[in-house]
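**Q** After the structure tokens below, expect a handful of questions from me.
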Amino acid sequence: MNPFIYEIPTKVYFGENQLQHLGTELKQFGNRVLLVYGGGSIKRNGVYDTVISQAKEVGMEVFELSGVEPNPRVDTVRKGVRLCKDNNIDVVLAVGGGSTIDAVKFIAAGACTEADPWDFFTKGAAIDSALPIVTILTLAATGSEMDSCGVISNEETNDKLARYSDYLFPKVSFLDPTITYSVNEYQTACGAADMLSHVMEVYFTMEKDLYMLDAVMEGLMKTIVKYGPVAVKEPQNYEARANLMWAGSWAINGFIAGSKNTAWSCHPMEHVLSAYYDITHGLGLAILTPKWMEYCLDESTVDKFYQFGTNVFGINPSLPPMEVAKKSIEQVKTFLYKDLDLKSTLTEVGIGTEHFDIMAEKACKGKVLPAFKPLGKQDIKSIFEMCL
């Protein structure tokens, strides 16, 4: 394994009633806050009123941007940037799931430059500063509350692109599992599928790394598999919601990556899928992941599947490795399609073959992804076809 650097500058308030500290944390960054959120759920569950009360209590002026889309769009980011510049915003507060937080990251960065936000993704525009970001997580899924990455969509070009920068780490994040009680079954299931994929993207590699990190990842996956279905069936189960929320953060905050450099596979494929069809990110990953596993399984990769099957799902280790590997894929299908009740094919969600060529080209950027099993355009197209 190679040396690596790990640093997380995000302060996390975890647990019930932690929003009582929100006003104090916001005030340290200034007097004018832009509150960004999606639909009206935060007004129905009382979070909006708490945020406004906390901000007013410390004398802050609140500006608002609502309506962030489930796959956040660059036009919405542009609106946020303009609000920040026109109103001399000091700090940006995201109240929502990963989509809202991702939008806020590029609003905060865009407010500190004259570059168009889309230039961050297509022209390599520098992100060398950003307004302070504070988040209140309302949906456990993407882990954006504790990482330096965001993903934005452009409807005009059918692109959904990611960008990293250390300036995009939230300064403070509030994780209260009780806020997620009102998340419906479908979104809870999609969130669990998303965080499982985050771990699997790192876990499935041919690189050698710390045994400890594999053990941590196996623990995270076991946690998601155990508590995802519980949260779907018992939405106010605090133990389930808390375990999913914290697992989601640690699935993608960089800790499990260690020294690994293997490219992710399912996320690039899903990004082009939802760029063209605007489906829920977690659902797209749920459809893609088992087929990607089947496509990658061969004699060169079977040992990793064997480790996964025996350590995560408790499959009998005395069975032949290939049998264990195939059983592990079936276990993943059971989790996603039976326990979480998600759709299993692209056909079921109305997606056909019409864009497969261009989607496959975009997913690998015309090259070969140096992934667990290297994937070129034809490989990716074949996986899409397996998902029909």
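The values are calculated or read from the model by the stated rules, or taken from the named source; none is laboratory data. Since the structure is predicted, the reported quantities are computational estimates derived from the model, not experimental observations. A quick note on method: Cβ atoms are made from the backbone with ideal geometry, for glycine too, and the neighbour counts reach across all protein chains shown. Just the protein is used for accessible areas: all its heavy atoms, side chains included, with ligands, DNA and RNA removed. Shrake-Rupley method; radii C 1.70, N 1.55, O 1.52, S 1.80 Å.
**Q** Name the residues in segment 136-171 that are surrounded by fewer than 23 Cβ atoms within 10 Å (Cβ to Cβ) and outside any loop (DSSP other than H, G, I, E, B), would you?
**A** Correct list: 149, 154, 159, 161, 162, 163, 164, 166, 167.
**Q** Within the bounds of segment 247-257, is there any residue that is touching a strand residue (DSSP E or B) at 6+ places or on another chain (Cβ under 8 Å), among the small types (Gly, Ala, Ser) and farther than 30 Å from residue 385 by Cβ?
**A** yes
**Q** Also, I was wondering about something else. When residue 183 is evaluated against the numbered criteria (1) of a type in the set (A, V, I, L, M, F, W, C); (2) within 23 Å of residue 8 (Cβ to Cβ); (3) under 18 Å from the mean Cα position of the chain (by Cα); (4) open to solvent by less than 30 Å² (accessible area, probe 1.4 Å), which criterion, by number, is the only one it fails?
**A** Of everything listed in (1) of a type in the set (A, V, I, L, M, F, W, C); (2) within 23 Å of residue 8 (Cβ to Cβ); (3) under 18 Å from the mean Cα position of the chain (by Cα); (4) open to solvent by less than 30 Å² (accessible area, probe 1.4 Å), residue 183 misses just condition (2).
**Q** Check segment 134-151 and report whether any residue there is closer than 26 Å to residue 198 by Cα, over 20 Å from the mean Cα position of the chain (by Cα) and not assigned by the TED database to the domain that holds residue 276.
**A** Quick first cut of segment 134-151, residues closer than 26 Å to residue 198 by Cα only: 134-151.
Now narrow it down to the ones that are over 20 Å from the mean Cα position of the chain (by Cα): none.
No, segment 134-151 contains no residue that is closer than 26 Å to residue 198 by Cα, over 20 Å from the mean Cα position of the chain (by Cα) and not assigned by the TED database to the domain that holds residue 276.
**Q** What tally of residues in segment 300-328 results from selecting those that are open to solvent by 10 Å² or more (accessible area, probe 1.4 Å), of a type in the set (Gly, Ala, Ser) and part of a helix (DSSP H, G or I)?
**A** Qualifying residue count, segment 300-328: 0.
**Q** Might you let me know whether segment 89-99 holds any residue that is within 21 Å of the chain's Cα centre (by Cα), more than 18 Å from residue 149 (Cβ to Cβ) and modelled with pLDDT under 95? Full working, then the answer.
**A** If we filter segment 89-99 for residues that are within 21 Å of the chain's Cα centre (by Cα), which is where we start, we get 92-99.
Pick out the ones that are also more than 18 Å from residue 149 (Cβ to Cβ) and you get 93, 95.
Checking the rest, the ones that are also modelled with pLDDT under 95 come to none.
Scanning segment 89-99, I find no residue that is within 21 Å of the chain's Cα centre (by Cα), more than 18 Å from residue 149 (Cβ to Cβ) and modelled with pLDDT under 95, so the answer is no.
**Q** Could you please find all residues in segment 1-31 being more than 18 Å from residue 137 (Cβ to Cβ) and surrounded by fewer than 17 Cβ atoms within 10 Å (Cβ to Cβ)?
**A** Scanning segment 1-31 gives 1, 2, 3, 4, 5, 6, 7, 24, 28, 30, 31.
**Q** Also, I was wondering about something else. For segment 1-112, which fully contained strands (runs of 3 or more DSSP E) count at least 3 residues that are over 21 Å from residue 177 (Cβ atoms)?
**A** Values: elements: 11-14, 32-37, 61-65, 91-96.
The strands (runs of 3 or more DSSP E) meeting that bar are 32-37, 61-65.
**Q** Quick check on this structure: which one of 196, 175 is farther than 25 Å from residue 335 by Cα and either in contact with an Asp or Glu (Cβ under 8 Å, 6 or more places away or on another chain) or of a type outside the set (Phe, Trp, Tyr) (or both)? Spell out the reasoning first.
**A** Details: 196 fails: farther than 25 Å from residue 335 by Cα.
Result: 175 is the single residue among 196, 175 that is farther than 25 Å from residue 335 by Cα and either in contact with an Asp or Glu (Cβ under 8 Å, 6 or more places away or on another chain) or of a type outside the set (Phe, Trp, Tyr) (or both).
**Q** Another question, if that's okay. Could you check, for segment 51-67, whether at least one of its residues is touching a Pro at 6+ places or on another chain (Cβ under 8 Å) and either farther than 22 Å from residue 30 by Cα or not aliphatic (A, V, I, L, M) (or both)?
**A** Initial filter on segment 51-67 (touching a Pro at 6+ places or on another chain (Cβ under 8 Å)): none.
No: zero hits.
**Q** Okay, moving on. Can you tell me which residues in segment 352-375 are within 20 Å of residue 304 (Cβ to Cβ) and not aromatic (Phe, Trp, Tyr)? Lay out the reasoning, then the answer.
**A** Residues of segment 352-375 within 20 Å of residue 304 (Cβ to Cβ): 368-375.
368, 369, 370, 371, 373, 374, 375 - these are the residues of segment 352-375 that are within 20 Å of residue 304 (Cβ to Cβ) and not aromatic (Phe, Trp, Tyr).
**Q** Go through segment 278-299 and give me each residue that's buried (at least 19 other Cβ atoms within 10 Å of the Cβ), of a type outside the set (A, V, I, L, M, F, W, C) and over 22 Å from residue 69 (Cα atoms).
**A** Listed by number, the residues that qualify are 289, 290, 291.
**Q** Related question: Give segment 118-135 a look and list any residue that's open to solvent by 10 Å² or more (accessible area, probe 1.4 Å) and in contact (Cβ under 8 Å) with a residue 12 or more places away in the chain, or say none. Can you show your working first?
**A** Taking segment 118-135 as the starting set, the residues that turn out to be open to solvent by 10 Å² or more (accessible area, probe 1.4 Å) are 118-119, 121-132.
Listed by number, the residues that qualify are 118, 121, 122, 125, 126, 127, 128, 129, 130, 131, 132.
**Q** Restricting to segment 33-72, what's the tally of residues that are of a type in the set (D, E, K, R) and either surrounded by 20 or more Cβ atoms within 10 Å (Cβ to Cβ) or in contact with a helix residue (DSSP H, G or I) (Cβ under 6 Å, 6 or more places away or on another chain) (or both)? Outline the logic, then answer.
**A** Just the residues of segment 33-72 that are of a type in the set (D, E, K, R), to begin with: 43-44, 49, 56-57, 61, 64, 69.
When the remaining residues are screened for being either surrounded by 20 or more Cβ atoms within 10 Å (Cβ to Cβ) or in contact with a helix residue (DSSP H, G or I) (Cβ under 6 Å, 6 or more places away or on another chain) (or both), the result is 57.
Residues meeting the conditions: 1.
**Q** Out of all the residues in segment 185-194, is one or more touching a Gly at 6+ places or on another chain (Cβ under 6 Å) and among the acidic types (Asp, Glu)?
**A** yes
**Q** List, please: which pairs have Cβ atoms under 6 Å, are six or more places apart or on different chains, and start with a residue in segment 39-57 that is touching a residue at least 60 places away in the same chain (Cβ under 8 Å) and end with one that is open to solvent by 30 Å² or more (accessible area, probe 1.4 Å)?
**A** Between residues of segment 39-57 that are touching a residue at least 60 places away in the same chain (Cβ under 8 Å) and residues that are open to solvent by 30 Å² or more (accessible area, probe 1.4 Å), the close pairs are 42/48; 45/182.
**Q** When you go through 207, 218 one by one, which is the residue that is surrounded by fewer than 24 Cβ atoms within 10 Å (Cβ to Cβ), in contact (Cβ under 8 Å) with a residue 12 or more places away in the chain and over 20 Å from the mean Cα position of the chain (by Cα)?
**A** Numbers: 218 fails: over 20 Å from the mean Cα position of the chain (by Cα).
On inspection, the qualifying residue turns out to be 207.
**Q** Enumerate the pairs (first residue in segment 23-34 and charged (D, E, K, R); second residue anywhere and surrounded by 21 or more Cβ atoms within 10 Å (Cβ to Cβ)) with beta-carbon separation below 6 Å, excluding pairs fewer than 6 apart on the same chain, so at least 6 apart or on different chains.
**A** Hits for this filter: 25/172; 32/89.
**Q** Still on this structure, I have one more. So residue 372 fits all but one of (1) crowded, with 21+ Cβ neighbours inside 10 Å; (2) over 21 Å from the mean Cα position of the chain (by Cα); (3) not in a helix (DSSP H, G or I); what number is the exception?
**A** That leaves (2) as the condition not met.
Residues are listed down the side, and each one gets a yes or a no for (1) within 19 Å of residue 270 (Cα to Cα); (2) in contact with a strand residue (DSSP E or B) (Cβ under 9 Å, 6 or more places away or on another chain):
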residue: 107; (1), (2): no, yes
residue: 121; (1), (2): yes, yes
residue: 127; (1), (2): no, yes
residue: 151; (1), (2): yes, yes
residue: 157; (1), (2): yes, no
residue: 163; (1), (2): yes, yes
residue: 172; (1), (2): no, yes
residue: 183; (1), (2): no, no
